[in-house]
Amino acid sequence: MELSRRLYAVAGLVTEGASVADIGTDHGYIPIYLVEQQIAVKAIAMDVNGGPLERARMHIIGHGLKGKIETRLSDGLSALKQGEVDTMIAAGMGGGLIVRILEEGSGIVDTLKACVLQPQSEVWRVRKYLLDRHMDIVDEDMVEEDGKFYTMMRAVHGESPRYTECEYIFGKRLLEKKHPVLERFLHRELEIREGIFRQLDHHVGSEGAARRREEIRREMMIISRALGYYCINPNN
């Protein structure tokens, strides 16, 4: 099974020997890959919609993995029993939806060893939720694919270090790694905001434009703080 760069990075955060539930599995690509590569010893492909789940089932059969990967209709973690798996994956969905799945399935989450998450939006919200629920984001990765940037994380139970606002937004682990993809993303975001700021210069006197300028100015300051991580000399 060949994965996209995004899904490959998600799979890369699953530890060898894991038993996995893939929430919102869609085509079932991640469970197929994990079982084929002998990373996962057990996998359950789960989706709230019957259509995608049937596609996943057909892909599983096509890869000769019938009986090795179970498909299960489920809204979030609702059809998962405690102790069935030790790792959950939720990738390719909005951050708000991931938070809802974690909250509504908190009884299951409490029994897991790890959550591997790839929110498409509101990544900061997912980070904050995890830390507020005493989970530590132990690893993060970031990829660029087809002009879009994707962040993925692995969280385990335990107390985490304190986060600054900048680290919530852009990822403490990514910044500590000086991740090159995040650096490209930060430069792009700063350039976009600098362009907006220049355009607002043409609307001097507008109260709305003044408020927007202050918002953009603050966002540029936070991005610049993040870029400051890449200037730190580790020998100092």
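Working only within the stretch 182-223, note down all residues that are open to solvent by less than 60 Å² (accessible area, probe 1.4 Å) and of a type in the set (S, T, N, Q).
Going through the stretch 182-223, the residues open to solvent by less than 60 Å² (accessible area, probe 1.4 Å) turn out to be 182, 185-186, 189-190, 193, 195-197, 200, 206, 208-210, 213, 216, 220, 222-223.
If the condition is that a residue be open to solvent by less than 60 Å² (accessible area, probe 1.4 Å) and of a type in the set (S, T, N, Q), then Ser206 is the only one that fits.
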Exercise for review: Evaluate the stretch 157-164: report whether one residue or more is buried (at least 17 other Cβ atoms within 10 Å of the Cβ) and at pLDDT 95 or above.
Suggested key: no
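Please enumerate the residues belonging to the stretch 66-98 that are β-branched (Val, Ile, Thr) and either surrounded by fewer than 20 Cβ atoms within 10 Å (Cβ to Cβ) or under 13 Å from Cys115 (Cβ atoms) (or both).
Correct list: Val85, Thr87, Ile89, Ile98.
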Log entry, pairs with first residue in the stretch 124-142 being at negative phi, second being at pLDDT below 95 and crowded, with 16+ Cβ neighbours inside 10 Å, beta carbons closer than 8 Å, six or more apart or on different chains, reads Leu130/Ser160; Leu131/Ser160; Met135/Ser160; Asp136/Ser160; Ile137/Ser160
For the stretch 98-114, pairs from a residue that is touching a residue at least 40 places away in the same chain (Cβ under 8 Å) and more than 14 Å from Leu80 (Cβ to Cβ) to a residue that is in a strand (DSSP E or B) and open to solvent by 20 Å² or more (accessible area, probe 1.4 Å), with Cβ under 6 Å and 6 or more apart or across chains, are Ala114/Arg154; Ala114/Val156
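Checking the conditions here, which among Glu140, Glu145, Glu122 is within 30 Å of Glu183 (Cα to Cα), among the acidic types (Asp, Glu) and crowded, with 21+ Cβ neighbours inside 10 Å?
On the way: Glu145 fails: crowded, with 21+ Cβ neighbours inside 10 Å; Glu122 fails: crowded, with 21+ Cβ neighbours inside 10 Å.
Within the list Glu140, Glu145, Glu122, the selection yields Glu140.
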Of (1) open to solvent by 20 Å² or more (accessible area, probe 1.4 Å); (2) touching a Gly at 6+ places or on another chain (Cβ under 8 Å), His63 fails just (2)
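The values are calculated or read from the model by the stated rules, or taken from the named source; none is laboratory data. Predicted model only: the values in this text are computed from it and were never measured. Positions of Cβ are backbone-derived with ideal geometry, glycine not excepted, and every protein chain shown enters the neighbour counts. To get the accessible areas, we keep the full protein, side chains included, count just its heavy atoms, and leave off ligands, DNA and RNA. Shrake-Rupley method; radii C 1.70, N 1.55, O 1.52, S 1.80 Å.
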